[in-house]
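The values are calculated or read from the model by the stated rules, or taken from the named source; none is laboratory data. None of these values were measured; they are calculated from a predicted model. FYI the Cβ positions are ideal-geometry reconstructions off the backbone, even for glycines, and counts take in every protein chain you see.
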Amino acid sequence: MAALSLTISSSLVGCQKSFTTRSGGKASNFNSSMNKHGPICSMEISHESKKEFYCNFSDRQLPLALSSVNNQMVDLKATSFRDLKRKLKKVISGISDEVKIMALIDHIQRLGIAYHFEMEIETALGGIYRGFSAHGSNDNLLVASLKFRLLRQHGYNVSSNVFNKFKDGNGNFKPSLSEDVIGMLNLYEASHLRIEGEDIMDEALGFCVEHLSTSMHRVEPNIAKIVRHALKLPLHFRTPRLETRHYIEVYKEDPQRNQDLLEFAQRDFNMVQSLYKGELKEVSRWWRELDMAKELAFARDQIHHWFMWPVAIVPEPQYSECRVDMTKAISFIYLIDDIYDVYGSMDELELFTQAITRWDLSEIHGLPKYMKVCYLALHDVTRDIARKIHKKHGFDITDYLRQAWTSLCEAYLVEAKWFRSGQVPRAKEYLKNAVTSTGVHVALIHMYFLMGHKVTRETAQLISNGPQFIRCPATILRLWDDLSTSMEERERGDDASYIESYMKEHEDESEESAREHTTNLIITMWKRLIHESLKQNPFPHSFTISVLNISRMAQVVYQTQEDSTVKDHIKSLLLDPISLSLQSCKPK
């Protein structure tokens with residue numbers, strides 16, 4: 001959401017610039033129906049598009065992609081990339097003005113380069129937090145809003161009472177604030193980090209939406225463009241990597257930009273993109289050698305789409321191996337979903353569920369061939385991941401992964417029984433099962449182990465139990481997916497949905513009111529998720545961010561219904577580098 005940063009730099013003359021939101025937290029930084037179920041359910045692409053996409057890649061090994069990244073760094077004017085990084089570190093550390101350092105941090109986050117400056121950012125925000133006061137501050141609306149947002153993004157549970165001073169005697173936000181478009185835009189973004197019970201932030205959101213929507217005619221075109229982008233989807237709900245690509249283009253047009261920061265961000269984007277290409281080649285080769293498209297011809301064959309999930313959830317280069325293994329796990333969420341949803345008979349599905357539960361290769365003898373192939377491949381991938389984690393941490397995670405796959409298959413079996421019997425479950429019952437059948441729990445338990453954090457029995461058991469921290473993003477994904485299901489699809493009996501269950505229980509309500517109820521439930525889940533991210537818990541900050549990112553990706557999936565939009569996302573992140581012709585865009 002480019003909005004905030006450009007707005008800030010346009011109003012704070014001389015400020016440097018700042019970073020893409022990777023919400024998370026100081027608190028958590030402890031020191032046929034083929035259209036549902038599974039993390040990236042709505043992202044479909046045509047067969048012709050797949051052929052066109054794959055022809056852009058060769059079969060080079062991932063190590064070659066890594067060395068191409070290193071070669072780029074060497075070729076870029078004698079290690080100028082590293083020189084730029086050192087220079088920017090000095091700039092960050094040398095800023096004592098609170099407003100300027102916050103503006104710089106905001107740009108750095110949005111430009112996707114925060115992982116280079118984590119220590120400097122945490123030091124700066126720690127100092128700002130220590131001086132934070134919910135009462136008596138002289139901060140204007142812009143500064144108060146930016147401070148609130150940045151601190152909450154980093155897990156500091158600061159009070160929303162800081163905004164009380166912007167209200168009048170009647171308890172409403174002062175009408176004069178509507179003249180401050182930049183301030184309102186910052187307040188709008190801050191309001192999306194609210195938790196349950198923060199009425200003032202709900203009021204702030206309503207106030208900002210009302211006045212920002214009518215402000216476009218009286219601001220400069222570039223600001224109007226930023227406001228429209230923000231109103232379409234706030235920054236906190238956007239996936240960091242897609243927003244990085246967008247914001248680099250926005251920042252390029254900022255007359256007050258820091259040219260070193262822009263150049264560094266552009267080069268970093270291209271180097272990380274090169275890494276993604278190597279990873280995609282590796283998982284594409286694995287997928288072809290697995291030959292599942294032949295053995296399970298009825299199932300989805302979209303490895304490039306599945307790869308977009310790890311890119312969205314853990315985009316930083318240090319998680320390269322994690323993204324490769326995560327894509328493999330996610331592919332089985334889709335394959336197994338299609339077995340239950342599209343092809344398997346009830347008897348076969350019962351047998352497959354039993355085989356997964358027992359996790360014994362001798363169980364395959366009673367399975368049909370297509371199920372045997374899938375079962376053996378899943379076993380192999382799970383074994384390889386477990387061995388890798390055991391080698392690194394000396395901890396055997398096999399049972400935790402087995403339990404996750406068992407829970408998923410049991411949830412799929414429940415839905416298959418509902419669908420084939422024509423049963424419409426009660427809304428609460430549907431959602432309880434659907435939280436598991438999204439596959440989010442399977443994805444995140446793999447993600448946690450693969451991100452390289454120290455694995456303990458406590459954290460392994462906690463995440464295996466599916467805490468609220470995991471249930472919230474799963475609920476968000478399922479409800480967005482259900483909102484994308486039309487009445488016509490439901491009438492055809494294509495799939496169950498929360499909306500259908502809710503309407504059956506509330507026969508006097510229209511589909512429109514049911515959809516409104518569902519949207520409000522998503523908002524509630526986001527508030528709870530943000531609250532969870534601000535609590536003390538044993539999970540590392542980076543995992544907190546990945547949980548938030550999977551929720552953000554659900555939003556992108558919901559909005560990405562068009563084949564062309566999916567291809568545009570893939571091209572912008574994986575294929576098209578950013579032009580480094582910097583001379584043409586020097587600050588005025």
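For K432, work out the one condition from (1) in contact with a helix residue (DSSP H, G or I) (Cβ under 9 Å, 6 or more places away or on another chain); (2) at pLDDT 95 or above; (3) not small (G, A, S) it doesn't fulfil. All conditions pass for K432, except number (1). The set of residues from region 167-204 being within 27 Å of H531 (Cβ to Cβ) and acidic (D, E) comprises E189, E196, E198, D199, D202, E203. Of the numbered criteria (1) modelled with pLDDT of 95 or more; (2) assigned to a helix (DSSP H, G or I), the one V342 fails is (1).
If we scan region 359-366, do we find a residue that is of a type in the set (F, W, Y), part of a loop (DSSP other than H, G, I, E, B) and at positive phi? Among the residues of region 359-366, at least one is of a type in the set (F, W, Y), part of a loop (DSSP other than H, G, I, E, B) and at positive phi, which makes the answer yes. On the given criteria, is S49 hydroxyl-bearing (S, T, Y), at pLDDT 70 or above and either within 30 Å of A297 (Cα to Cα) or assigned to a loop (DSSP other than H, G, I, E, B) (or both)? No: the conditions fail for S49. Residues that are under 24 Å from the mean Cα position of the chain (by Cα) number at least 2 in the following helices (runs of 4 or more DSSP H) confined to region 196-299: 199-213, 221-232, 240-252, 259-290. Whether any residue in region 520-537 is at pLDDT 90 or above and part of a loop (DSSP other than H, G, I, E, B) is what I want to check. Yes - at least one qualifying residue is present in region 520-537. Residue count for region 493-543, restricted to those that are over 26 Å from V314 (Cβ atoms) and of a type outside the set (F, W, Y): 28.
Screening G206 with (1) closer than 19 Å to H236 by Cβ; (2) in contact with a helix residue (DSSP H, G or I) (Cβ under 6 Å, 6 or more places away or on another chain) gives one miss only, at (2).
Pairs linking a residue in region 148-159 that is within 19 Å of T123 (Cβ to Cβ) to a residue that is among the polar types (S, T, N, Q) and surrounded by 22 or more Cβ atoms within 10 Å (Cβ to Cβ), with Cβ atoms under 6 Å and 6 or more positions apart or on different chains, are Q153/T21; Q153/S23; G155/S28.
For region 283-295, a residue qualifies if it is surrounded by fewer than 23 Cβ atoms within 10 Å (Cβ to Cβ) and in contact with a helix residue (DSSP H, G or I) (Cβ under 7 Å, 6 or more places away or on another chain), and the qualifying residues are S284, W286, W287, L290, M292, E295.
Within region 220-230, restricting attention to residues that are surrounded by fewer than 18 Cβ atoms within 10 Å (Cβ to Cβ) and not basic (K, R), the residue that is nearest to A190 (Cα to Cα) is A224.
Looking only at residues of region 300-316 that are modelled with pLDDT of 95 or more and assigned to a loop (DSSP other than H, G, I, E, B), we find that the one that is nearest to V342 (Cα to Cα) is V314.
When you look at Q403, is it among the polar types (S, T, N, Q) and more than 25 Å from the chain's Cα centre (by Cα), yes or no? Answer is no for this residue.
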